[in-house]
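Here the structure is laid out as structure tokens; the discussion comes afterwards.
The values are calculated or read from the model by the stated rules, or taken from the named source; none is laboratory data. Being a predicted model, the structure only gives us computed values, none of them experimental. A quick note on method: Cβ atoms are made from the backbone with ideal geometry, for glycine too, and the neighbour counts reach across all protein chains shown. Ligands, DNA and RNA are stripped out before the accessible areas are found, and what is left, the full protein with its side chains, is counted by its heavy atoms. Shrake-Rupley method; radii C 1.70, N 1.55, O 1.52, S 1.80 Å.
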Amino acid sequence: MDYHTLLARLGEGSAHPGGFQATKELIGQIGFPRGTKVLEAGCGTGRTACYLASLGCNVTAIDRNEDMIQKATYRAKISGFPIRIVQADAASMPFPDETFDAVFTESVTAFTEGSSAIREYWRVLKPKGVLYDRELAFAIKLTTAQKKKLQSFYGLHHLRTVPEWLKLMSKSSFHKCSASHFSQMKQLAGDNDPLRVIDHELFTKPDVVAMMMKNERLMSSFSNVMGSVVITAWKA
Ligand SMILES: C[S@@+](CC[C@H](N)C(=O)[O-])C[C@H]1O[C@@H](n2cnc3c(N)ncnc32)[C@H](O)[C@@H]1O
């Protein structure tokens, strides 16, 4: 089982640095007007997509994982939000050019090769559209051995520092971009998701339990250097 399958089966609803609290804060700062056409790329179980819809956004959400799509669809149905949910890859999206006012994504681009997903975000945005991308970032350049450890477990393509994220963005077609300060990973308490659907059978499987423990160990041994950045990029 890979990391994303584990997340999907655990029904993890805010699998990014800072959790759902950070998502709500960022969306509060952005202040999308009602009716804004937002694409959420890599929606996971649909928690953020439903939150955006509750604020009056016109939301389309994609994820490449089938289990995540089923959980997001269930959440949208129970919540009563008319979200368009599509199983698709962020690096090759089934939408026409210039469809959305904004692309919102958290902890997804790092799992892609990078430039192709960014090219797609740019392509599907309308002129003057904006990308908001919260990504895993590192305070220092990791050694090759450290990178290997994290890449093989999490399936990450690249482990970037904030300047490395900005360098990647500078090669894209976006007209302008900015990055928040590096923010260290916070331990989250009490992030209760009432619509979480957990596959409890997982806890009876020793290999899966070993995987969860490895995740905990990696998180704690890299906690001093691991964090996040929010990149905002504007299409001309
Ligand atoms: C770390 S989780 C973050 C999920 C959600 N954005 C959140 O913050 O809770 C990464 C999500 O991105 C999805 N994903 C990874 N690579 C993807 C890709 N190339 N295209 C679409 N979805 C992808 C995974 O299936 C997973 O749901």
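Figures for the structure shown
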{"read-out": "Heavy atoms of H175 accessible to a 1.4 Å probe, total area in Å² rounded to 10", "value": "130"}
{"read-out": "Sum of side-chain charges, Y3 neighbourhood, beta-carbon under 12 Å (Lys, Arg +1; Asp, Glu -1)", "value": "0"}
{"read-out": "Modelled label reach - W234, point 7 Å along Cα→Cβ, region 93-136 residues with backbone N closer than 12 Å", "value": "128-131"}
{"read-out": "Bins of 5 Å from zero: percent of alpha-carbon pairs in region 99-191", "value": "2, 12, 21, 24, 18, 12, 7, 3, 0"}
{"read-out": "Karplus 3J(HN,Hα) series, Hz, for region 23-30 with 6.51 cos²θ - 1.76 cosθ + 1.60 (x for Gly, Pro)", "value": "4, 5, 4, 5, 5, x, 5, 5"}
{"read-out": "Sequence-distant residues sharing a close amide H with K37 (under 5 Å, placed H)", "value": "N58, D101, A102"}
{"read-out": "Under the Karplus curve 6.51 cos²θ - 1.76 cosθ + 1.60, θ = phi - 60°, whole-Hz ³J(HN,Hα) for region 63-77, x wherever Gly or Pro sits", "value": "8, 8, 8, 4, 5, 4, 4, 5, 5, 5, 5, 4, 4, 5, 5"}
{"read-out": "FRET efficiency, 1/(1 + (r/R0)^6) with R0 41 Å, evaluated for Q21 and K147 via beta carbons", "value": "0.90"}
{"read-out": "Derived scalar couplings ³J(HN,Hα) [region 209-218; Karplus, 6.51 cos²θ - 1.76 cosθ + 1.60; whole Hz; x for Gly, Pro]", "value": "4, 4, 5, 5, 5, 5, 4, 4, 5, 5"}
{"read-out": "Considering only the chain, percent of DSSP beta bridges that pair antiparallel, nearest 5", "value": "45"}
{"read-out": "Interatomic Cα distance distribution for region 1-108, bins of 10 angstrom, percent", "value": "15, 51, 31, 3, 0"}
{"read-out": "Residue-averaged 222 nm ellipticity for the chain, from DSSP H runs of 4+ at -39500 (n - 2.57), nearest 500", "value": "-11500 deg cm²/dmol"}
{"read-out": "Flagged links, alpha-carbon separation over 26 Å, of K147/K167; K24/K149; K148/K176; K71/K235; K141/K167", "value": "K24/K149; K148/K176; K71/K235"}
{"read-out": "Rg in Å to one decimal, and Dmax rounded to a whole Å, for the chain via C-alpha atoms", "value": "17.1, 52"}
{"read-out": "L125 long-range amide H proximity, modeled H, under 5 Å", "value": "E98, T99, F100"}
{"read-out": "Fully extended contour minus Cα-Cα distance, from E216 to I140, at 0.36 nm per residue", "value": "25.3 nm"}
{"read-out": "Around G35: net Lys/Arg minus Asp/Glu count, Cβ-Cβ under 15 Å", "value": "+3"}
{"read-out": "Positive minus negative residues near K128 (Lys, Arg vs Asp, Glu; Cβ under 10 Å)", "value": "+1"}
